[in-house]
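The structure under discussion appears below in the form of structure tokens.
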Amino acid sequence: GGDLLDLGMDFVMPTPLDLDPSAVVTPQQFQQLWVSIDNSHTSKYSFPSAPSAEAVERCLAQVGVKLMASGAAGPGQRKSFFYCVPLGSDQVCMCEGVLDEGKAVMMCTYKAMDATTQTRLALTFRAALETIGAQ
């Protein structure tokens, strides 16, 4: 979306997050945070062909994003939950990714404590997923 450009002259372009590779979040913490954060940001990525779960997890792991859980989400669909923690922060950022293997499209829903962090989380995912062909 081009909605980032009409926010005024003093708008600073957000950048991807620098993530703490040693961060650990329990499934209980993840679930509690996921349901407690109402606002979310969604991005859609298209691939030339559907990437494997391993390829998606590997490109995200390289930037510090960790897999919480994944599994089938219906015929030809795979759902994964990811998390990360920015360096110097204790704020957990989360993402639900649903890959439609037939259409080679991945929908990502991002949750973080504030809109700026959500946007930066989306940029972090975009940069990582572009390394495996996302558009």
About the Cα centre of the chain, how large is the charge dipole given +1 on each Lys and Arg Cβ and -1 on each Asp and Glu Cβ? Please answer in debye to the nearest 20. 380
Rounded to a whole %, the carbon-and-sulfur portion of the accessible area of the chain at a 1.4 Å probe is 53
What does the accessible area of Arg126 come to, in Å² to the nearest 10, when a probe of 1.4 Å is used? 90
Taking Cα centroids, how far is segment 11-50 from segment 51-104 in Å? 9
May I ask which residue of Leu33, Val98, Gly76 lies farthest towards the positive end of the charge dipole of the chain, with charges of +1 (Lys, Arg) and -1 (Asp, Glu) on Cβ and the Cα centre as origin? Gly76
Probe 1.4 Å, heavy atoms of protein chains only: per residue, the accessible area of the chain in Å² is 56
Looking at the chain, do any whole DSSP H helices span at least 15 angstrom along their long axis by alpha carbon and average 0.0 or above on Kyte-Doolittle, and which? 115-130
Using Cα-Cα distances under 8 Å and only pairs 6 or more residues apart, what relative contact order does segment 1-115 have, in percent? 29
Largest-first ranking of Val35, Val98 by accessible area, probe 1.4 Å, whole protein assembly kept, is Val35, Val98
Please compute the contact order of segment 62-118 in relative form: average sequence separation of alpha-carbon pairs under 8 Å and at least six residues apart, divided by the residue count, as a percent. 25
Report, in deg cm²/dmol and to the nearest 500, the calculated mean residue ellipticity at 222 nm for the chain, where each DSSP H run with n ≥ 4 adds -39500 (n - 2.57) and the sum is divided by the residue count. -8000 deg cm²/dmol
Sticking with the crude label model, points 7 Å out along Cα→Cβ, report the distance from Val12 to Ser36 in nm, one decimal please. 2.7
Which net charge results for the neighbourhood of Met107, defined as the other residues with beta-carbon distances under 15 angstrom from its beta-carbon, given Lys and Arg at +1 and Asp and Glu at -1? +3
Thr116/Gln28 FRET efficiency (R0 25 Å; Cβ-Cβ; nearest 0.05): 0.40
Expected field for Thr116, accessible surface area in Å² at 1.4 Å probe radius, rounded to 10, holds 90
Rough spin-label spacing in nm, given labels placed 7 Å along Cα→Cβ, for Glu54 and Ala73: 2.2
Between [x] 1.15; [y] 0.96; [z] 1.03, the structure-derived Cα Rg over 2.2 N^0.38 Å is [z]
Can you tally the net charge around Ala55? Count Lys and Arg as +1, Asp and Glu as -1, for every other residue whose Cβ sits under 14 Å from the Cβ of Ala55. -2
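The values are calculated or read from the model by the stated rules, or taken from the named source; none is laboratory data. Please read all numbers here as calculations on a predicted model, not as lab measurements. As a convention, Cβ positions derive from the backbone with ideal geometry for all residues, glycine included, and neighbour counts pool all protein chains shown. Just the protein is used for accessible areas: all its heavy atoms, side chains included, with ligands, DNA and RNA removed. Shrake-Rupley method; radii C 1.70, N 1.55, O 1.52, S 1.80 Å.
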